[in-house]
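*Asks:* Take a look at this one; I'll ask things after.
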Amino acid sequence: MTTVPPEAAPSRRSLPFGLSASRIELQEYTLALVVVLLVIVGAVLEPDDFLNSDNMLNVLRQASVVGVLAIGMTFVIATGGIDLSVGSMVAAAAVAGGQVADSGSLAFLLGAIGMGVLLGGVNAGMIAYGRVVPFIATLAMFTMARGIALWLSDKTPVSIFQLEAVRWFGNGEVIGVPSAIIVFVAVTIVAWVLLNRTRYGRHVVAVGGNREAARIAGVKVQRIVFSVYVLSGICVAIAAILVSGRLASASPVIGNLYELDAIAAVVIGGTALSGGRATIVGTFLGVLTFALIFNLLTLMDLPTEIQQITKGVIILAAVLIQRRER
Amino acid sequence: MNFKRYVVPICAAFALGVAACGGDDDDGGGGATSGDGNGQSGTSAQSDGGPVKIAFSAPGADHGWMAAITENARNEAEELGDVDLEITEGVTDSAAQADQIETLIAGKPDALVVLPNEGDALTPVALKAMEAGIPVVNVDREFAEEGAYRTLITGDNYGIGWQAGNYFADQLKCQGNVVEIQGIAGISVTEQRSQGFRDAIQQRCQSGIKIIASQPADFLPDKGLSVMENILQAHDDIDAVYTHDDDMAEGVVSAIENANRQDEMFLTGAGGSKAAMDRIEQGGLYRATFLYNPSMSASAIRLARLIARGEGLQELAEPEVPSKIQVPATTVTEENVADVKELGF
């Protein structure tokens, strides 16, 4: 929802920018339409199993892991960057927690958060101060983090069945709503406020819009770039806690290709891959779109090849619809 | 990780080997040659009691089973005592593994043990080794040409499916709804584990057992979790779940237990992990697994040693090592889990 054209870096949205802001709102509406359409299609094709509160909560809970990653990814992409390492980092963070699981739930949470922030910080340092291109820096982390996960865990998953508090994140609920969904929604709301209602959010988008203009306008560009990768690392830790709690184990092979799901959700949401334009609501809807597709196609027990083709077609269709609306 | 520890000793051994066996090099290269592969090297350099130099190459261990493959090979070589094993692993694509094997060939080992990332893609480099007079023991994934190996040792993926199918027929008395959680779609392991299962329940029960859902989860626990969560939404009456892998099954088990439906059904794995065997021992949801035994790499080291020495298997009449060996897929249940637990990985 926030858009800052190049020359207007840290300033607020006045009239000329209102135009492009409304464009992003339009994209959000069309994507919301896609989500509604998917729900209707699902209700027609699978009348018994699809549209009931149980399955809808299931879809939202499944969406929460990649969803949290996609929220972090939105900030990264808003600055014109990319983070290819989040999937591997989820495994590393989960395993780091698993290594100290004997000391209890709190140790697990701290271990996971520590590893997420540490690896996110390495990305951040390399990109912001080492001047490594984000694609390359996070590609390197993509392979390193997986290696760290396999190495720390000695290639075997650790059971965390005894950690009630961690398992609550994956399996608990508050008045009927799964805790993972509450975490996801909370992260989304915090991120929305951060991006749309704070100076920090405006700076993030400004850096992605026109780095030089932002610098001249007094934005601490390096610090902003640094912060978004750390933010992504924190989201990684949250995702790792959610998935480990659900699995009741810390496994070094989890998180495979999550980065692509997260990036796809951000992009069909309407955030520009080149930076300078970002929408949290769009990302949220993008994540829902993919979760609904996966759920519906599995309910229908379609063969995997049909699922893959369908998913691709829907990505293209979603983006095409948005383009036409321009 | 352990690779570094071996660099120095291997280099040292290498240097000594070149110095000591300099004269035998031609023999090694020319004597035990070529395509027919029946390395007739009764007079090879090794029969005089020196250590046998075996090179080992497997893809990077990103999975419990693959880790066990390398570990078992390493342990077996240490146990045998007279084997000088050079291990390379860690690559995840076929081209890189081919490069690795080229390097190993240049070191002129007495035998080469390879678990290829992809059988087809690594056939040329295996042929090259055979042509250089280095007998190749092919583990698990078969090369495209028989000339590319001296001996093939594989597990029995079809047998896993077949035994699972028979187990399901017995347990369900040929009546019920079954869910199949497959490995990676489109690879032979998945196809064979699936086909064997379908053939067995078809033959035993005709249409008595229905496969109501069949979805791949790529051998990954988190994918198994979410796929099973969706399937649980779609079906209210599931009697049993056949999964293609023990690690992946952990996620499927979590999905079922999280939904509190563990009393409705039973589940089986495949592979033979320690975690799976623990669960089988405890009883309950996880009822059986079917061994795809990573001990085959230990056997491969033994076979490579025998081939290099020009010896055969003592229990067989033939003086040479057989050209193909298939390790059976054992059904592991509560009854025999104690006996096979040490094989778990």
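Rule-based calculations on the coordinates, nothing more; no lab input. In this text, all values refer to a predicted model and were calculated from it rather than measured experimentally. Using ideal geometry, Cβ is built from the backbone for each residue, glycine included, and neighbour counts are taken over all protein chains shown.
*Asks:* Can you tell me the convex hull volume per residue for segment A:237-326, based on C-alpha atoms, in Å³ to the nearest whole number?
*Replies:* 132 Å³
*Asks:* Evaluate the charge dipole of segment B:114-187 about its Cα centre and quote only its size in Debye, nearest 20, assuming +1 on the Cβ of each Lys and Arg and -1 on the Cβ of each Asp and Glu.
*Replies:* Charge dipole of segment B:114-187: 140 debye, to the nearest 20.
*Asks:* Here is a further query. Give me the compactness ratio for chain A, meaning the Cα radius of gyration over 2.2 N^0.38 Å.
*Replies:* Working: Rg = 19.5 Å, N = 326, 2.2 N^0.38 = 19.8 Å.
Normalised by 2.2 N^0.38 Å, the Cα Rg of chain A equals 0.99.
*Asks:* Then there's this: Let's see if you can work this out: charge +1 on each Lys and Arg Cβ, -1 on each Asp and Glu Cβ, no other charges. What is the dipole magnitude of segment A:173-267 about its Cα centre, in debye to the nearest 20?
*Replies:* 540 debye
*Asks:* Among A:50, A:75, A:108, determine the one that fluctuates most according to a GNM of chain A built with springs between C-alpha atoms less than 10 Å apart.
*Replies:* Of the options given, A:50 has the highest mean-square fluctuation.
*Asks:* Compute the signed sum of charges (Lys and Arg +1, Asp and Glu -1) over the other residues within less than 13 Å, Cβ to Cβ, of residue B:188.
*Replies:* Summing Lys/Arg as +1 and Asp/Glu as -1 gives -4.
*Asks:* To continue, here is another question. What's the average, rounded to a whole number, of partner chain beta-carbon atoms within 10 Å of each residue's beta-carbon in B:219-232?
*Replies:* Whole-number average of other-chain Cβ neighbours for B:219-232 is 6.
*Asks:* Using the Kirkwood radius over C-alpha pairs as Rh, can you work out the diffusion coefficient of chain B via Stokes-Einstein at 37 °C, viscosity 0.692 mPa s, in µm² per second?
*Replies:* Translational D for this selection: 154 µm²/s.
*Asks:* Would you mind giving the three semi-axes, in whole Å and largest first, of the ellipsoid equivalent to segment A:147-198 according to its Cα gyration tensor?
*Replies:* Those come to 30, 20, 6 Å.
*Asks:* Using unit Cβ charges (K, R positive; D, E negative) and no other charged atoms, how large, in debye to the nearest 20, is the dipole of segment A:214-326 about its Cα centre?
*Replies:* The calculated dipole for segment A:214-326 is roughly 620 debye.
*Asks:* Inside 10 Å of the C-beta atoms of A:154-160, what's the mean count of C-beta atoms belonging to other chains?
*Replies:* 5
*Asks:* By a straight-distance test (C-alpha under 12 Å), which aspartates and glutamates pair with residue A:155 as possible cross-link partners, with residues fewer than eight away in the same chain excluded?
*Replies:* Within reach: B:62, B:71, B:247.
*Asks:* Which percent of Cα pairs goes in each bin when the distances of segment B:202-345 are cut into 10 angstrom slices starting at zero?
*Replies:* Pairs per bin, as whole percents: 11, 33, 28, 16, 10, 3, 0.
*Asks:* If the elastic network links every pair of Cα atoms under 10 Å, which of B:229, B:281, B:257 fluctuates the most in the Gaussian network model of chain B?
*Replies:* Top of the fluctuation ranking is B:257.
*Asks:* Also: So what is the diffusion coefficient of the protein assembly as shown in µm² per second by Stokes-Einstein at 25 °C and 0.890 mPa s, using a Kirkwood Rh over Cα pairs?
*Replies:* 91 µm²/s
*Asks:* Under a 10 Å cutoff between Cα atoms, tell me which one of B:69, B:160, B:231 has the largest fluctuation in the Gaussian network model of chain B.
*Replies:* B:231
*Asks:* For residue A:141, what charge total do you get from the other residues with a beta carbon under 15 Å from its beta carbon, if Lys and Arg give +1 and Asp and Glu give -1?
*Replies:* Values: positive: A:146; negative: A:83, A:259.
The answer is -1.
*Asks:* Strictly over 18 Å apart at the Cα level, which of B:223/B:274; A:311/B:210; A:311/B:223; B:53/B:324; B:173/B:210; B:108/B:128 would you flag in this model?
*Replies:* B:223/B:274; A:311/B:210; B:53/B:324, as the Cα separations exceed 18 Å there.
*Asks:* List the relative contact order of chain B as a percent without decimals, with contacts defined as Cα pairs under 8 Å and 6+ residues apart.
*Replies:* Across chain B, relative contact order equals 19 percent.
*Asks:* Send over the per residue convex hull volume for segment B:222-272, Cα only, as a whole number of Å³. Intermediate values should be presented prior to the final figure.
*Replies:* Values: hull volume 3.3 nm³, N = 51.
Hull volume over Cα atoms, normalised by residue count, gives 64 Å³.
*Asks:* Which log10 I(q)/I(0) values, to two decimals, does segment B:56-182 give at q = 0.10, 0.18, 0.22 Å⁻¹ under the Debye formula with one point per Cα?
*Replies:* -0.40, -0.94, -1.29
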